[in-house]
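Shown next, in structure tokens, is the structure this report addresses.
The values are calculated or read from the model by the stated rules, or taken from the named source; none is laboratory data. This structure is a prediction, so every number in the text was calculated from the model and none was measured. Note that each Cβ is placed from the backbone with ideal geometry, even for glycine, and that neighbours are counted across all protein chains shown.
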Amino acid sequence: MKVFHSNSELDFWSANLSKDTLSIGFVPTMGALHLGHLKLIERACLENDYVVCSIYVNPTQFNNSEDLAKYPRDLEKDLKLLSKFPNLVVYHPSDKDIYPTDDFKEPPKIDLKGLEKVMEGANRPGHFEGVTTVVKRLFEIVRPQKAYFGLKDYQQYLIVKRLAESYFPEIEIIANEIIRSEKGLALSSRNERLSNSGLIQAARLNNYLRQVVSMSRNYSIHSALEKIIGEIELDSNISLEYLTIADAETLSDYNQLKSKAGMVFIAAWVENIRLIDNMRL
């Protein structure tokens, strides 16, 4: 494993690779690594000659300064987890490497077909502008053939795919399924901030998703959502932000007769920590 803390170090390394024969996979992260990240890296290592894993907490995608300040950071622990991957390069840049001037913070001009206006986009103003800005910069710097993303952030995955189609058609965007705890909680770096009691409470989000999926097979979408939203509102340990069913490709309102596939999405607060999850119908 190699660790680079600047663009110049990464550039020097990549300049000595034969791009004609060697492939580079890329796993962008914000650190606080967990099994979900490691599964992405394992897959990337199997499918590429080298893998670059970035660890960078991107300030432009946080619309809440307190959330940014409290985001877990432990580089030493992350590097220990990653040390088992011999063909891995860890890229840990500074803000100056990613955004040398304010011009680099300008969001890319891209038609996201409304993907950015619902769910996370509606509840976290500016979030996806920050995501597309940093991912574009990272793709420019790393120049991979393949990039790997987890499906817990499903809306982000769709938006990154659109970004790649517009700016980087040579990069293949690959998705990995959600990795869950034994109790069903979707693994997330934010889980580190939950108490043991909070982890148990947060696992109920998965149960609520499963109930919606089960009910939707026998009842209307509206009835299923209405019933489960009512149950969550009675749960004093969970503050619901949204629970919705959307088309899996467009994130528009799900129509059972017209849509090929639907998904149920949830965002909620547990112990003042915001969590998201999703599940296919």
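Worth pointing out:
- Number of the condition not met by ILE221 [criteria: (1) touching a helix residue (DSSP H, G or I) at 6+ places or on another chain (Cβ under 7 Å); (2) more than 23 Å from VAL27 (Cβ to Cβ); (3) crowded, with 19+ Cβ neighbours inside 10 Å]: (1)
- Here region 16-49 is the region considered, the condition is being in contact with a strand residue (DSSP E or B) (Cβ under 8 Å, 6 or more places away or on another chain) and hydroxyl-bearing (Ser, Thr, Tyr), and the residue that is modelled with the lowest pLDDT is SER23.
- Considering (1) within 19 Å of the chain's Cα centre (by Cα); (2) farther than 24 Å from LYS161 by Cβ; (3) in a loop (DSSP other than H, G, I, E, B), the lone condition that TRP269 does not fulfil carries the number (3).
- Set side by side, the residues LEU158, LEU205 differ, and just one is closer than 18 Å to ASP277 by Cα, among the aliphatic types (A, V, I, L, M), touching an Asp or Glu at 6+ places or on another chain (Cβ under 6 Å) and surrounded by 19 or more Cβ atoms within 10 Å (Cβ to Cβ), which is LEU205.
- Residue match in region 85-93 (condition: surrounded by 15 or more Cβ atoms within 10 Å (Cβ to Cβ), hydrophobic (A, V, I, L, M, F, W, C), in contact (Cβ under 8 Å) with a residue 60 or more places away in the chain and not in a strand (DSSP E or B)): yes
- Only one of the listed residues (VAL52, VAL3) is surrounded by fewer than 17 Cβ atoms within 10 Å (Cβ to Cβ), outside any loop (DSSP other than H, G, I, E, B) and touching a strand residue (DSSP E or B) at 6+ places or on another chain (Cβ under 7 Å). That residue is VAL3.
- Any hit, region 189-209, residues being touching a helix residue (DSSP H, G or I) at 6+ places or on another chain (Cβ under 8 Å), under 30 Å from ASN48 (Cβ atoms) and modelled with pLDDT of 95 or more: yes
- Any chance GLU182 is acidic (Asp, Glu), farther than 18 Å from ASN123 by Cα and in contact (Cβ under 8 Å) with a residue 24 or more places away in the chain: no
- PRO169 being part of a loop (DSSP other than H, G, I, E, B) and either modelled with pLDDT under 95 or basic (Lys, Arg) (or both): no
- In this entry, TYR148 passes the filter for residues that are closer than 22 Å to ARG43 by Cα, in a strand (DSSP E or B) and not polar (S, T, N, Q).
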